Amino acid sequence: MLFTDRPLRLGTRGSPLALAQARMTAQALIAAHGWSADAIEIITVQTSGDRIQDRALADIGGKALWTKELDRALVAGETDLSVHSMKDVETLRPDIFHIAAMLPRADVRDKLVGAADFDALPANPLVGTSSPRRGAQVKRLRPDATITLFRGNVATRLAKLAAGEVHATLLAAAGLDRLEQSDVGTLVPVDTMLPAPSQGAVGIETLADNQPVIAALSAISDADTSDAVMMERAVLRGLGGTCHSPIAALALVEGDRLFLRAEIISPDGQETVREEARLARGDLAAGEALGERLLRGASPALRALFEA
């Protein structure tokens, strides 16, 4: 055990998916260190992002809504580490925190739920999503589509779809897999919809000066996932991306290098700027530079989305 007098306290959001990822993390630590099952305590922290479901994240504070309460618990000493979906972690984090590990990445693709493919949707389809990226990519594929705000956990969104509120929605394959709902929806190839930066990755964060916890987490960190996700996050830094901005990025490991693809898209789907490069692992400055190139290639209207 890491602590002889108490369990390691793992902070997580309370959604079914977040709890599944927290249990994955706990099991990985137990297996890596030979700990007993009671060596880790999972502590549920309700976040603003979970409480506020009727507005887009970009309008009410962005990705920090998923992290700030977990951050507060870490700083207050109520938890020892936080488990995050990496795509929900804001690009610039305070220096007091350290992303100490990432679990092996799951499927990065999106799934279309409600239709076999985009061509199978009816004319003028109503598609529910809260993701600017997914909305823009859908409009690119189906300019006749109307995008409507669709928030809530996976079960909530599937219930809204079943109730006929929309013709289709999009969900991350990784989340469905972790909830043992792999049979839901149809996989969308990454060439059709490049995923969000960090999609499918689970990150574990602790205080930057908590060396015992950092050392314990190093045993479960997947180097391929970490290198790829950090490169995708470097693109975000280069873009200055916010929740308002339709951004997609994916880095694939090729030996000692990464094949990085990224794109920015206008909300109406009419403009897409793409870049790709093969970069050395850890060359995050090159990832930032790729993000900057995307902006230079964009129209003034698209570039303005990243300057707000």
Residue in the stretch 66-73 that is out of contact with any strand residue (DSSP E or B) (no Cβ under 7 Å at 6 or more places or on another chain), of a type outside the set (A, V, I, L, M, F, W, C) and surrounded by fewer than 18 Cβ atoms within 10 Å (Cβ to Cβ) present: yes
Positions within the stretch 141-156 being surrounded by 21 or more Cβ atoms within 10 Å (Cβ to Cβ) and over 17 Å from the mean Cα position of the chain (by Cα), in sequence order: Ala145, Ile147
Hey, Arg237 among the charged types (D, E, K, R), within 21 Å of Val89 (Cβ to Cβ), buried (at least 16 other Cβ atoms within 10 Å of the Cβ) and in the same structural domain as Thr129 (by TED's automatic domain parsing) or not: no
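Mind telling me which of the residues Gly135, Gly152 ends up being in contact (Cβ under 8 Å) with a residue 40 or more places away in the chain and in contact with a Lys or Arg (Cβ under 8 Å, 6 or more places away or on another chain)? Break it down stepwise before answering.
On the way: Gly135 fails: in contact with a Lys or Arg (Cβ under 8 Å, 6 or more places away or on another chain).
Selected residue: Gly152, the only one of Gly135, Gly152 that is in contact (Cβ under 8 Å) with a residue 40 or more places away in the chain and in contact with a Lys or Arg (Cβ under 8 Å, 6 or more places away or on another chain).
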Ala120 being farther than 17 Å from Leu250 by Cα and at pLDDT 95 or above: yes
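Say we look at the stretch 157-166 and pick out the residues that are on the phi < 0 side of the Ramachandran plot and assigned to a loop (DSSP other than H, G, I, E, B); which of these is farthest from the chain's Cα centre (by Cα)? Don't jump to the end; show me each part of the working.
Keep residues of the stretch 157-166 that are on the phi < 0 side of the Ramachandran plot, which gives 157-163, 165-166.
After this cut, where a residue has to be assigned to a loop (DSSP other than H, G, I, E, B) as well, the list is 163, 165-166.
On the way: Ala163: 27, Glu165: 25, Val166: 23 Å.
Ranking the candidates gives Ala163 first.
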Number of positions in the stretch 214-229 that are surrounded by fewer than 20 Cβ atoms within 10 Å (Cβ to Cβ) and among the aliphatic types (A, V, I, L, M): 4
Candidate set from the stretch 250-308 (those that are under 22 Å from the mean Cα position of the chain (by Cα), assigned to a helix (DSSP H, G or I) and small (Gly, Ala, Ser)); member that is nearest to Leu141 (Cα to Cα): Gly291
Among (1) among the aliphatic types (A, V, I, L, M); (2) part of a loop (DSSP other than H, G, I, E, B); (3) more than 27 Å from Arg72 (Cα to Cα), the one test that Val235 misses: (2)
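The values are calculated or read from the model by the stated rules, or taken from the named source; none is laboratory data. Treat the numbers as computed from the prediction; the structure is a model and nothing was measured. Cβ atoms come from the backbone with ideal geometry, glycine included; neighbour counts cover every protein chain shown.
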